[in-house]
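Student: Can you keep this structure in mind? I'll have questions shortly.
The values are calculated or read from the model by the stated rules, or taken from the named source; none is laboratory data. The model shown is predicted, which means the values in this text are computed figures rather than measured ones. So basically every Cβ, Gly included, is an ideal-geometry build from the backbone, and we count neighbours across all protein chains shown. When the accessible area is computed, the model is the full protein with side chains, heavy atoms only, and any ligands, DNA or RNA have been set aside. Shrake-Rupley method; radii C 1.70, N 1.55, O 1.52, S 1.80 Å.
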Amino acid sequence: TSAALALLSGSVAAVVVWKWLGKKMIQKKMEEARRTRDEGMKKMAKAVQQFREQVPSVQTDAILSLSLLELTGRLREGSLSPRTVLYTYVEKVSALEVTQQTNCLRHFIPECEEQLQEIQRHKEKGLLYGIPVSIKDHIGHKGHLATCGLVQRLGTVMEEDSVLVKVLKRQGAIPFAMTNVPQSLFSYDCSNPTFGQTLNPLNHQKSPGGSSGGEGALIAGGGSILGIGSDIGGSIRLPSSFCGLCGLKPTAERLRCCLSHLSAHCGCLLLSHPVLCAVGPMARDVDSLALCMKALLCQEMFRLDPSVPPIPFNEEVYSSSTPLRVGYYDTDGYFPLPPCMRRAVKETRHALQAAGHQLVPFSPPRIPYVMTELFLKSFFADGGRAWLDVFTGDTVDPGLKPQVNSCKIPRLVKKLLALLLKPLQFLLLLKLKDLAMISTCRSVKEMWNHHHQIQVYRSQFITQWKELQLDVVLCPVLGPAFTLGYPGKLLTAISSTMLYNVLNFPAGVVPVSTVTEADEEELKLYQGCCDDPWDRTLKQAVSGAVGLPVAVQCVALPWQEELCLRFMKEVETLSRDK
């Protein structure tokens, strides 16, 4: 007996030591990653200082105030040099004006200096000649990490540039910074245990959104003029809404990073996933998005990735002034948004109507079903086991703990919960929230049926769209920016954006207003759907937002990015003319 007790005690002690060593190893990896980032920042700050000594008369503010179209014009005519522009933006970031305030940078790309030399050797100046571009953490750049905010990926150095980065470079762009993301990318906040929480540059008590939150914060803070994000539930559109930017989620297959990065978007998604990740641009204005799309949709993209349909950017559609037939709605019937977001749709609708466009009421069908049975079931068909695997040997970020704990509930308990909650089915369809993860696919047959259900829904949605003869749709987007810590409490508040990931429609966000004192007063009367805990949590999340951006969402049918952008441009112009 004493021998058995001694053996047991020894085993327990060994396990404790093993766990302690594991935690120490994780801590060491995280510290090394942070040290590498800090050294990179010091190196770039030194390069800026050397440039400043050589060229002391640079008008920094004048350069930073230029729009992307103005900047490309100045670079092409030679009145500004790529070197001057690059170091002006690097200085804005490395001088800690943006980074210290928001913690948006994951790493500088020192190779940007080599790219500066490379573009001088190009025979022709590309459409993005000399433009510094920031890219989201998981978009592969040779010699750099693609962490997805995960400790287990801190040793994953990219052996070559992703297709997207290769095309950007071919068009003369200079990737210079990689931006922070939430852990596993499955969040619309922007925090991970290694690099910490990114803040909204417009209000440091607010989230920048996610998962392209680092991009949103860097561009809104003035540290980048063009960024590349990704979107599988709103990850481009939500940071754009929270930070007052324009952002486009294209049809998923219109642009590609590369296959391995698509599968890695949430650290665990399969390539056969029915809801695909889309990559797209984020910038200060719609013309910048259009220029970026025009640059990326080139022969080099089609040659490097033959799976991308060879459809060049259609300038004629983007430049058209033909009146549009616009469907509209200000609520999806699933997650009622704050009064200011509905006001934004109403005001934009009236402005479009006054400008000669035809406005038609449109009601998106069965959003509770889409959210719980199609969207969340796509991610958690296996009960979340594949997603949980990415946290092996990692510290879970506080914002993700509700979802992680939900996935850890044993399958038998989930079945019992589903059975017990069945009498409350109607309420659950409206407000299932994090418990929606209970829904799983129990067999291969059920998985194939799930894929089929998504296709059926897409067909029904397009039929309804066609019956109304719509060109585009105007609808709300989640906002204004949430107070820090709240995105993790309201996972399914993203119904307004996730719908167009399930449908695989191009969708973009345009800021049209700001939160007013009157909006804040009206928010006090907000009761949402049922005045339940989730509605009250949303109220808390968006309060104290006076002066923050208010945006709308613009949508078109698949493969019609140019029409979507043209509509976004119209909305942007009308909002600025108010």
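Student: What is the spin-label model distance, in nm, from residue 32 to residue 543 if the labels are put 7 Å beyond Cα along the C-beta direction?
Tutor: Going from the residue 32 label point to the residue 543 one covers 4.6 nm.
Student: Beyond 15 Å, what share of the Cα-Cα pairs of segment 307-400 remains, rounded to the nearest whole percent?
Tutor: 78 percent
Student: For segment 270-330, go through all pairs of different Cα atoms, get the mean of 1/r, take its inverse, and jot down that Kirkwood value in Å.
Tutor: 14.5 Å
Student: Quick one: what do you get for segment 518-559 if you divide its Cα Rg by 2.2 N^0.38 Å?
Tutor: Taking N as the residue count of segment 518-559, the ratio is 1.53.
Student: Also: When the C-alpha atoms of segment 114-219 are aligned to their principal axes, what extent does each axis show, in angstrom, from largest down?
Tutor: 47, 33, 18
Student: Using the Kyte-Doolittle scale, find the helices of the chain whose mean hydropathy is at least 1.6 and whose Cα atoms extend 30 Å or more along the helix's long axis, counting only whole DSSP H runs.
Tutor: none
Student: Moving on to the next point. Over segment 355-420, one equal point on each Cα, no solvent: what is log10 I(q)/I(0) by the Debye formula at q = 0.25 Å⁻¹?
Tutor: For segment 355-420, the Cα-only Debye profile gives -1.19.
Student: Can you show me the helix-derived [θ] at 222 nm for the chain, built from DSSP H runs with n ≥ 4 at -39,500 (n - 2.57) apiece and divided by the number of residues, rounded to the nearest 500.
Tutor: Calculated from helices alone, the mean residue ellipticity at 222 nm is -13500 deg cm²/dmol.
Student: Treating the beta-carbon of each Lys and Arg as +1 and of each Asp and Glu as -1, no other charges, what is the dipole magnitude of the chain about its Cα centre, to the nearest 20 debye?
Tutor: So the magnitude is around 1420 debye.
Student: In vacuum, with every alpha carbon of segment 438-488 counted as one equal point scatterer, what does the Debye formula give for log10 I(q)/I(0) at q = 0.25, 0.26, 0.31 Å⁻¹? Two decimals, please.
Tutor: Result of the Debye calculation: -0.89, -0.93, -1.15.
Student: Expressed as a whole number of Å, what is the distance separating the alpha-carbon centroids of segment 34-78 and segment 356-387?
Tutor: Distance between centres, Cα-based: 43 Å.
Student: Output the Kirkwood hydrodynamic radius of segment 25-153, Cα pairs only, in Å rounded to one decimal.
Tutor: Result for segment 25-153, one decimal place: 16.2 Å.
Student: Once amide H atoms are placed 1.01 Å from N in the peptide plane, what residues at a sequence separation of 5 or more from residue 148, or on another chain, have their amide H within under 5 Å of its amide H?
Tutor: Here the answer is 138, since their amide H atoms fall under 5 Å of that of residue 148.
Student: Can you give the translational diffusion coefficient of segment 301-341 in µm²/s, computed by Stokes-Einstein from the Kirkwood radius over Cα pairs at 4 °C and 1.567 mPa s?
Tutor: It diffuses with D of about 87 µm²/s by this estimate.
Student: Given R₀ = 35 Å, what would the calculated FRET efficiency be for residue 302 paired with residue 358, taking r from the Cβ atoms and rounding to 0.05?
Tutor: Here the calculated transfer efficiency is 0.45.
Student: Show the residues, 5+ positions off or on another chain, whose built amide H is closer than 5 Å to the amide H of residue 226.
Tutor: The list, which skips near neighbours in sequence, is 134.
Student: Given the Cα atoms of segment 319-371, and with Rh set as the inverse mean 1/r over their pairs in the Kirkwood sense, what is Rg to Rh to two decimals?
Tutor: 1.05
Student: Quick one: grab Rg to one decimal and Dmax as a whole number for segment 20-97, Cα atoms only, in Å.
Tutor: Over segment 20-97's Cα set, Rg and Dmax evaluate to 17.9, 60 Å.
Student: Per residue, how much accessible area does the chain have with a 1.4 Å probe, in Å²?
Tutor: Normalised by residue count, the accessible surface of the chain is 40 Å².
Student: Of all the C-alpha pairs in segment 437-522, what % are more than 18 Å from each other?
Tutor: Considering segment 437-522, 64 percent of its Cα-Cα pairs are separated by more than 18 Å.
Student: Between residue 314 and residue 409, what is the label-point separation in nm under the 7 Å Cα-to-beta-carbon projection?
Tutor: 4.6 nm
Student: Can you bin every Cα-Cα distance in segment 459-578 into 5 Å intervals starting at zero and give me the percent of pairs per bin, rounded to whole numbers?
Tutor: 2, 10, 17, 19, 18, 14, 13, 6, 0
Student: Calculate, in nm to one decimal, what residue 444 and residue 23 gain on full extension: separation in residues at 0.36 nm each, minus their alpha carbon distance.
Tutor: 147.8 nm
Student: Assuming 0.36 nm per residue, please report the length gained on full extension of the stretch residue 531 to residue 468 beyond their Cα-Cα distance.
Tutor: 19.3 nm
Student: Further question on the same structure: Using the alpha carbons of segment 114-156, what is the convex hull volume per residue in cubic angstrom, as a whole number?
Tutor: It is 81 Å³ per residue.
Student: With respect to the cross-link table entries 92/539; 125/249; 489/524; 92/489, which display a Cα-Cα separation exceeding 31 Å?
Tutor: 92/539; 92/489
Student: Given the convex hull over the Cα atoms of the chain, what projected area results after averaging over all orientations, in nm²?
Tutor: Mean projected area for the chain: 29.1 nm², to one decimal.
Student: Restricting to the chain, what percent of DSSP beta bridges are antiparallel, rounded to 5?
Tutor: Percent antiparallel among DSSP bridges in the chain is about 70.
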